[in-house]
Amino acid sequence: METTDWPVLAAIPFAVFLGMEVFAWAAPQYIMHSWGWGWHHSHHEEREGWFEKNDLYAVAFAAFAISLFVVASYGYLIVGAVATGITLYGAFHFIVHDGLVHQRGPFRHIPHKGLRQTLGAGTSAAPDGQGQGRGGSFGFR
């Protein structure tokens with residue numbers, strides 16, 4: 001089986017999606033709560049309006065995935081499969097973390113029990129206002 005066969009190209013986004021959880025664990029700990037605190041601190045404060053400065057991370061990560069799709073358009077199918085995995089994880093993160101946990105966007109009336117409570121358990125282990133450089137519960141943040 002070659003790397004451009006459909007089973008391989010279908011498995012790559014799945015593997016990348018799972019690998020993104022490692023990135024989601026490491027990014028808050030080693031980027032957002034250290035040298036990236038300038039953007040991330042807004043995630044620990046009361047938000048005014050639809051956006052917060054922390055959303056610039058989503059823009060940067062989306063720009064990276066888009067650049068991979070551009071490379072893939074030149075015939076690099078594996079790069080496109082990687083970009084697909086990153087994009088799917090980004091959508092999942094937006095729906096679950098920003099939507100259900102933080103009730104942003106169209107997810108304002110989710111009950112505080114059941115699924116939302118379970119999903120928010122990791123986030124609530126690191127309380128809002130947690131300072132720069134402090135550890136805590138990381139992962140699907």
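A few comments on the model shown:
- Rel. contact order, % - alpha carbon contacts under 8 angstrom, at least six apart, the stretch 1-89: 41
- Ratio Rg/Rh [Cα only; Rh per Kirkwood] for the stretch 30-104: 1.06
- The stretch 14-91: GluC sites (Glu not before Pro) falling in loop per DSSP and having at most 16 other Cβ within 10 Å: GLU45, GLU46, GLU48
- Distance (nanometres) between label positions extended 7 Å along Cα→Cβ at PHE64 and ALA26: 0.9
- Extension gain for ILE95-TRP6 works out to 29.3 nm (0.36 nm per residue, less the C-alpha to C-alpha distance).
- Stretching ARG47 away from SER34 to a fully extended chain increases their span by 2.6 nm, per 0.36 nm per residue minus the current alpha-carbon distance.
Only the coordinates and a few stated rules stand behind these numbers; no lab work does. These figures come from a predicted structure and were not determined experimentally. With ideal geometry, Cβ positions are generated from the backbone for all residues, glycine too; neighbour counts draw on all protein chains shown.
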